[in-house]
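Engineer: Pasting a structure below so you can have a look.
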Amino acid sequence: MTVPTPPKSAPPLLRTDAEGIATLTLNRPEARNALSEALLAAMTAEVAAIARDSSVRAVILAAEGKVFSAGHDLKEMTAHRVEADRGRAYFAEIMDRCATMMKAIVRCPKPVIAAVEGVATAAGCQLVASCDLAVAGANAGFCTPGVHIGLFCSTPMVALTRNVVPKHALEMLLLGEMVSAEAAQRMGLVNRVVPAGNALAEAQRMAAVIATKSPLTLKIGKEAFHAQRGMDLDEAYAYAANVMVENMLARDAEEGIGAFVGKREPVWRGE
């Protein structure tokens, strides 16, 4: 008798590439795209691969289903409370894994655009805040609801406070209330709000524009943007001036300026 082969479980993350744009899609709709161990590992690995991939100019982060991401997989985490240390070592490890993935997005040399439909809560909201740009469908909502279950959203707070002003961030963190897409745009958490169902299309349009730029210039600019934010004014200007000088000496800057003066399209080499 032939024993049927059990069906393979769907991968937690999907990747598609087209015209210089890599699209990563969270693929756990049955679990509200919660950030499980497997999904965190897949995200970290794919972002690292994209960082090394010279064919990729921009990245889109999307999600299957009605929820963008509900944050950490609480069922997976709670299962470790039976351990001798009540899960302390596991909780520390999973927070480190999550932070590693979020930092990989921030430090990725390619711009990352979140295309958000549905709600993004807790670490899901953190994920959106960690992206360089974000487009939200009108049906989207954002929330850091940890206070409702006795768990302050401390790690989402790190990304959130780098996007919105302190009083808006604290309102989200202390009240745990859902913020609409329009309110999130006013607060600076998302760049654009489009009709529900159109977030991915708008993210693709933005990514296509970015993909026409010099990949070296994008890398230099994104790295410099994040670096100067932690500096005082004098230090920031000194740092940025040095970046500008080095950028001017790059072949792509010479090509771009020459193309502008010569009224022709530049040919980027990423060098």
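All of the numbers you see were taken from the coordinates with simple rules; none came from a lab. Values in this document were obtained by computation on a predicted structure and should not be read as measured data. Glycine also receives a Cβ, built like all others from the backbone with ideal geometry; neighbour counts cover every protein chain displayed.
Engineer: Between Leu14 and Ala196, how many nm apart are label points set 7 Å from Cα along the C-beta direction?
Structural biologist: My value for the distance between the label points is 2.1 nm.
Engineer: Still on this structure, I have one more. Given 0.36 nm per residue, what is the gain on full extension from Met178 to His148 after removing their alpha carbon distance, in nm?
Structural biologist: The Met178-His148 span can extend by a further 9.6 nm.
Engineer: Moving on. Determine the calculated [θ] at 222 nm for the chain from helices alone, applying -39500 (n - 2.57) to every DSSP H run no shorter than 4 residues and normalising by the residue count; nearest 500 deg cm²/dmol.
Structural biologist: Result for the chain, helices only: -14500 deg cm²/dmol.
Engineer: Where in the stretch 1-85 are there trypsin sites (Lys or Arg not before Pro) that are in a DSSP coil and have at most 15 other Cβ atoms within 10 angstrom of their Cβ?
Structural biologist: Lys8, Lys66
Engineer: With angles folded into 0 to 90 degrees, how steeply does helix 37-52 sit against the dominant principal axis of the chain? Use alpha carbons for both and round to 10.
Structural biologist: So the inclination is approximately 10 degrees.
Engineer: Do any chymotrypsin sites (Phe, Trp or Tyr not before Pro) in the stretch 212-271 lie in a DSSP loop with no more than 14 other beta carbon atoms within 10 Å, and if so, which?
Structural biologist: For chymotrypsin sites (Phe, Trp or Tyr not before Pro) across the stretch 212-271 that sit outside H, G, I, E and B with at most 14 neighbouring Cβ atoms in 10 Å, the list is empty.
Engineer: Tell me the net charge near Met248. Cut-off is 13 Å between Cβ atoms, Met248 excluded, with +1 for each Lys or Arg and -1 for each Asp or Glu.
Structural biologist: -3
Engineer: Right, something else. Starting from the amide H of Asn139, placed 1.01 Å from N in the peptide plane, find each other amide H under 5 Å away whose residue is 5 or more places distant or on another chain.
Structural biologist: Amide H to amide H, under 5 Å and 5 or more residues apart or across chains, Asn139 pairs with Gly118, Ala196, Gly197.
Engineer: From zero outward in steps of 10 Å, how is the percent of C-alpha pairs of the chain spread across the bins?
Structural biologist: With 10 Å bins starting at 0, P(r) equals 7, 26, 33, 21, 10, 3, 1, 0.
Engineer: Next question. Give the residue list of trypsin sites (Lys or Arg not before Pro) in the stretch 165-269 that are DSSP loop and have at most 13 other beta-carbon atoms within 10 angstrom.
Structural biologist: Within the stretch 165-269, the qualifying trypsin sites (Lys or Arg not before Pro) (loop, at most 13 other Cβ atoms within 10 Å) are Arg229, Lys263, Arg264, Arg269.
Engineer: Quick one: of the DSSP bridges fully inside the stretch 107-210, what percent are antiparallel, nearest 5? All intermediate terms of the calculation are to be shown ahead of the outcome.
Structural biologist: Values: 2 of 12 bridges.
Around 15 percent antiparallel, to the nearest 5.
Engineer: Rounded to the nearest 5, what % of DSSP beta bridges with both residues in the chain are antiparallel?
Structural biologist: That works out to approximately 30 percent antiparallel.
Engineer: Using only Cα atoms, tell me the angle between helix 166-175 and the longest principal axis of the chain; keep it within 0 to 90° and round to the nearest 10.
Structural biologist: 20 degrees
Engineer: Also, I was wondering about something else. Can you give the % of DSSP beta bridges in the stretch 1-98 that are antiparallel, to the nearest 5?
Structural biologist: 45 percent
Engineer: With the contact rule set at Cα under 8 Å and sequence spacing of 6 or more, what percent relative contact order holds for the chain?
Structural biologist: On the way: 477 pairs, mean separation 41.8, N = 271.
Dividing the mean separation by the residue count of the chain yields 15 percent.
Engineer: Once both labels are modelled 7 Å past Cα along the beta-carbon direction, what's the Glu83-Ala45 spacing in nm?
Structural biologist: It works out to 2.1 nm between the two label points.
Engineer: Does the stretch 215-262 come out rounded, prolate or oblate, given a ≥ b ≥ c as the square roots of the eigenvalues of its C-alpha gyration tensor, rounded meaning a/c under 1.5 and, failing that, prolate meaning a/b above b/c? Working shown, then result.
Structural biologist: On the way: a/c = 3.31, a/b = 2.16, b/c = 1.54.
Since a/c reaches 1.5 and a/b is larger than b/c, the shape of the stretch 215-262 is classed as prolate.
Engineer: Taking the chain as the reference, fit the longest principal axis to its C-alpha atoms, fit the long axis of helix 215-228 to the helix C-alpha atoms, and give the angle between the two in degrees, 0 to 90, nearest 10.
Structural biologist: So the helix axis and the longest Cα principal axis differ by about 70 degrees.
Engineer: To the nearest Å, what is the center-to-center distance of the stretch 49-99 and the stretch 198-271, using C-alpha atoms only?
Structural biologist: Result: 30 Å between the Cα centres.
Engineer: How much FRET efficiency would the formula 1/(1 + (r/R0)^6) give for Ala92 and Glu265, where r is the Cβ-Cβ distance and R0 is 41 Å, rounded to 0.05?
Structural biologist: Values: r = 51 Å, r/R0 = 1.25.
After rounding to 0.05, the efficiency reads 0.20.
Engineer: On to the next question. When the chain is treated as a GNM, springs tying every alpha-carbon pair under 10 Å, which of Glu83, Glu255, Glu64 comes out with the largest mean-square fluctuation?
Structural biologist: Glu83
Engineer: Suppose every Lys and Arg Cβ carries +1 and every Asp and Glu Cβ carries -1, with no other charges. What dipole size does the chain come out with about its Cα centre, to the nearest 20 debye?
Structural biologist: On the way: 28 positive and 29 negative charges, 57 e Å.
Computed about the Cα centre, the dipole is about 280 debye.
Engineer: Go through Leu13, Pro166, Ala84 and say which Cα lies farthest out towards the positive end of the charge dipole of the chain; charges sit on Cβ, +1 for Lys and Arg, -1 for Asp and Glu.
Structural biologist: Farthest along the dipole direction, towards plus: Leu13.
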